[in-house]
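Student: Take a look at this one; I'll ask things after.
The values are calculated or read from the model by the stated rules, or taken from the named source; none is laboratory data. Note that this is a predicted model, so its numbers are computed, not measured. Counting neighbours? That spans all protein chains shown, and the Cβs are built from the backbone with ideal geometry, glycine included.
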Amino acid sequence: MGSVHVVGATVIDGSGRDPRNVGLTIENGRITRLGAPGAHGECLDAEGLTMTPGLIDAHVHLGLSSAIQPHFSFEVSAAEIAADIFATAGATLDAGFTTVRDTGGIDGGVVTAIAKGKVRGPRVLSCGPVQCQVGGHGYYGAAWEPTELWSRHHIPGLCALSMMAGNADELRRNVREAFRRGASFLKLCVTGGVVGGHDRLADTQFTVEEIAVAVQEAAARNTYVTVHAHNNQGIRNAVEAGARCVEHGTSLDEATAALMAAREVALVPTFAVVEQLLHDTAGAGLAESTRDKVKDVREQMARALAVAKHAGVRTGLGSDLIGPAQDRRGKELSLRAALETPMEALVAATRTNAEILGLSGEVGVLSPGARADLVLWNGDPLDDPELFSDPANAVLVMRGGTIVKDLR
Ligand SMILES: [Zn+2]
C-alpha cells in the first residue's frame, strides 16, 4: 500500500495543543508524519475541513441495540437482535467513533465479526457480560422469573448482558467464563442503577472481598476491572479492592475523588444516556418509571465531573446509549463541551479515553506511529461543538488507514 497525504485540513491532534494547518502522511495503516507532503503517493484534499483523531467512546452497549424490555421478554428474534447490533456498530463508525469500549452486553463473536471486516464497525474492546450479584443491577428479567433462568437470555457468540454471582466463588467462575468468551477487561456492578426494578442508586453491591476476587482474576490476565457505581461507598469499596476505573460516578464527593486521584483510578461520566432516558424513555424500550430514577442524576453528575477534575482524577468520556437509538453518540461531546470547553471534551474522547483503554499512543492522537484513525468534520467543532452530535458532519471517517465513510 502506497502513502496517502491528507492536505488542507485544520488539524486538532487530540493532545490538547492548538489547531494547526499541517499535512498528514499515512502508510500501511499508520500515521508516519505531520508536515509537508512527500513527492510520492496519493493526495487527499481536505481543504476547509477540520481533522480530529477518530473518536473513542469508553462506555457503549452494542448488545443493547434492540428495544430493551421486548428484548428481555423473548419478543425479539436472535436474527433481529443481530441486525440491530450490526446496525449500531455501523452507525457508530458513521458518527466518527473508530474505537469503543463495550461495557456489557455483547459476546465475543460480535468483536470477531467486526474485526474480520464481516460487519462495518469500530475497533471494539469488550468486557462481555457485566458481573452482578444476585438481585443486583444488571438483571432485566421479569419480576418473578427465577434468577437461574437469566442465562437463557444469552445468545452464545452474540449477546450476554450479565452474569449473576451469589458469592465470591461464583464470581470467580463467572469472570473466568467471561474471559473464555473473549472479554479483554471486566466490569462489575458495585452499586444499584437506573435501569432495573430491584435496586436503588444508594445501594452498594458486592463486598470489598468479592470485588478483589475479580481484580485478582483480571490481574492474572494482565488486565483490569472497571465498575458501575453511582454512590461514594460503592466507589470506595471498588477502589479499596483495586478497581482501575469507575463508570458514572454520579454522586462523587471530594473525599472519594481525592482517593481516586491518589490511587490513579479513572472516571467515565455518562451524560448522553441521562438525556436519552429523560427525553425518550419509550424509545429505548423502557418503562416510563425509569425516568423518575434519572431525574436528579443530570445535576449530580455535572457536579461530580467538576469535583473529579478539581481533584485531578483522569476523566474520560462515555455515552452509555442503550436501545435502538444509538446513532448520535457524539452528543456526549456536545454535552461535555457545555460543561467544560470543547477542547476538553475532545481530549477526553481521544487521548484520555485511549489511556483508559490501555491504547495510549495507538489511537486517540494524530502523531507519528499512531494508527491512522481520523475524522474530517464539516466545520470547526471547537467553535461549534454541536457539530459532534450530527453524524452528517463527519464527512470522512478513516480507520486504520482505510476510508470507512466518505460523504465528499
Ligand atoms: Zn452502561
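Student: Just checking: which of the helices (runs of 4 or more DSSP H) contained wholly in region 198-307 hold 3 or more residues that are modelled with pLDDT under 95?
Tutor: Filter on region 198-307 gives 272-279, 289-294.
Matching residues to (1) surrounded by 15 or more Cβ atoms within 10 Å (Cβ to Cβ); (2) of a type in the set (A, V, I, L, M):
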position	(1), (2)
ARG200	no, no
ILE211	yes, yes
ARG236	yes, no
GLY242	yes, no
CYS245	yes, no
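Student: For region 182-204, give me the residue count where each residue is touching a strand residue (DSSP E or B) at 6+ places or on another chain (Cβ under 7 Å) and either of a type in the set (D, E, K, R) or under 19 Å from SER151 (Cβ atoms) (or both).
Tutor: Number of matching residues: 7.
Student: Any residue at all in region 278-296 that is of a type in the set (A, V, I, L, M), touching a residue at least 12 places away in the same chain (Cβ under 8 Å) and within 19 Å of ALA58 (Cβ to Cβ)?
Tutor: Checking region 278-296: not a single residue is of a type in the set (A, V, I, L, M), touching a residue at least 12 places away in the same chain (Cβ under 8 Å) and within 19 Å of ALA58 (Cβ to Cβ).
Student: Give THR103, THR99 a once-over and let me know the one that is hydroxyl-bearing (Ser, Thr, Tyr) and away from the ligand (no atom under 16 Å from the Cβ).
Tutor: Selected residue: THR99, the only one of THR103, THR99 that is hydroxyl-bearing (Ser, Thr, Tyr) and away from the ligand (no atom under 16 Å from the Cβ).
Student: So, of the residues in region 314-344 that are within 14 Å of the chain's Cα centre (by Cα), surrounded by 24 or more Cβ atoms within 10 Å (Cβ to Cβ) and in a helix (DSSP H, G or I), which turns out to be farthest from the ligand (Cβ to nearest atom)?
Tutor: LEU333
Student: Quick one: which of ALA87, ALA79, ALA46, ALA39 is of a type in the set (Gly, Ala, Ser) and touching a Leu at 6+ places or on another chain (Cβ under 6 Å)?
Tutor: ALA46
Student: Let me ask another. When you scan region 241-256, do you find a residue that is within 16 Å of the ligand (Cβ to nearest atom) and of a type in the set (Gly, Ala, Ser), even just one?
Tutor: Among the residues of region 241-256, at least one is within 16 Å of the ligand (Cβ to nearest atom) and of a type in the set (Gly, Ala, Ser), which makes the answer yes.
Student: Now a separate question. Just give me the residues in region 91-143 being part of a strand (DSSP E or B) and among the hydroxyl-bearing types (Ser, Thr, Tyr), in sequence order.
Tutor: Of everything in region 91-143, those that are part of a strand (DSSP E or B) and among the hydroxyl-bearing types (Ser, Thr, Tyr) turn out to be THR98, THR99, SER126.
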